[in-house]
């Protein structure tokens, strides 16, 4: 998720909804005290307290000004954000802190690839939010992912990641490719194989030192994300070795690597950031939250050079998305829960979408003008509200397994080895399966 984004839109209706949501939150705060025996640790003699939100990548709260807004509404509360750039670093640290029973923030972000493991193995460490939020407000499958067998909800959904394709119009033009959104969508209408065919067209006239895509592993994740069956079956059995979506994604990634269509960059690392800034990649598989990553890292110099169109094959997919959870041992559990409710309410999710383009998981945001009429100036005013809302309605309900994140990360690492080191697909697959089997038992 998660992660990051200027969108036009009207505010009148949002303001009404925001006021309603804030009133409810204010009442909740007034009537609640901390559930923790450690209550008061982060409050001073005047009753002022600090709530810390730990997350990764870009959740968009700072960009949307939400923490400052919350402080104005509740002068006794200051919210601070503790951001880890890489979720792969963030998650093990959170697990260590859970096991130690200390060091946790008042609110912790949890990525969708980790949520099943947290639900199955760490649910007792988090507050049940089912009494705080209205679970039915979210898209049907979102809150199911954070719900335990006995009905406890340990995470409120932030965003989801409906898929699109981001492309550099300047590089497309230099390579003799169409730049109009509809024309590009037509080029890739046949699916990800059509996308690779477009890549071969690009390569023929590509500007020196540029590549068609940033990462074959990113394309792999996009392909797998468009299927209900991915790494596990409904019984909790790991099926990644025989999963049609995994096989399809792996073969496409191997094809991209062998044809040198990819720069072979591990996303979010420094070389990837530098490539965006220098303008050396022409396309990026683009779940909604990726737009913010591109705009932030490519910088002002590249504004207007990027655009967004529908994903190859116009197949609905969800890649990513996160949750906000409240550790039971926090100093201010009730206040933190109220903050989570407010941050994930329609008006606040719409504000984040307006700021950085991450798409709401709360259905109440979809009819707000900030969402349905949204455009991204950085991406040539791409109508992202329309693109993502249409897709969000048809995203399949994917089966999530305990080690989804581990499997995905391991396969992605071996795809990077195919790209960067020339590892053969067979050797890469063998190395990936051995590592995964060792990790998941």
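The values are calculated or read from the model by the stated rules, or taken from the named source; none is laboratory data. Predicted model, so just to flag it, every value in this text is computed and none were measured. With ideal geometry, Cβ positions are generated from the backbone for all residues, glycine too; neighbour counts draw on all protein chains shown.
Summary of values
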| read-out | value |
| --- | --- |
| Count - residues of the stretch 388-398 that are farther than 10 Å from residue 145 by Cβ and surrounded by 20 or more Cβ atoms within 10 Å (Cβ to Cβ) | 4 |
| Hits in the stretch 151-174 (condition: surrounded by fewer than 19 Cβ atoms within 10 Å (Cβ to Cβ), farther than 30 Å from residue 139 by Cβ and touching a helix residue (DSSP H, G or I) at 6+ places or on another chain (Cβ under 9 Å)) | 170 |
| Helices (runs of 4 or more DSSP H) contained in the stretch 226-320 and holding at least 1 residues more than 22 Å from residue 57 (Cβ to Cβ) and in the same structural domain as residue 385 (by TED's automatic domain parsing) | none |
| Breaking point among (1) closer than 14 Å to residue 158 by Cα; (2) in contact with a helix residue (DSSP H, G or I) (Cβ under 7 Å, 6 or more places away or on another chain), for residue 431 | (1) |
| The stretch 129-160: number of residues that are out of contact with any strand residue (DSSP E or B) (no Cβ under 6 Å at 6 or more places or on another chain) and part of a loop (DSSP other than H, G, I, E, B) | 9 |
| Members of the stretch 86-114 that are in contact with a strand residue (DSSP E or B) (Cβ under 8 Å, 6 or more places away or on another chain), more than 27 Å from residue 273 (Cβ to Cβ) and assigned to a helix (DSSP H, G or I) | 98 |
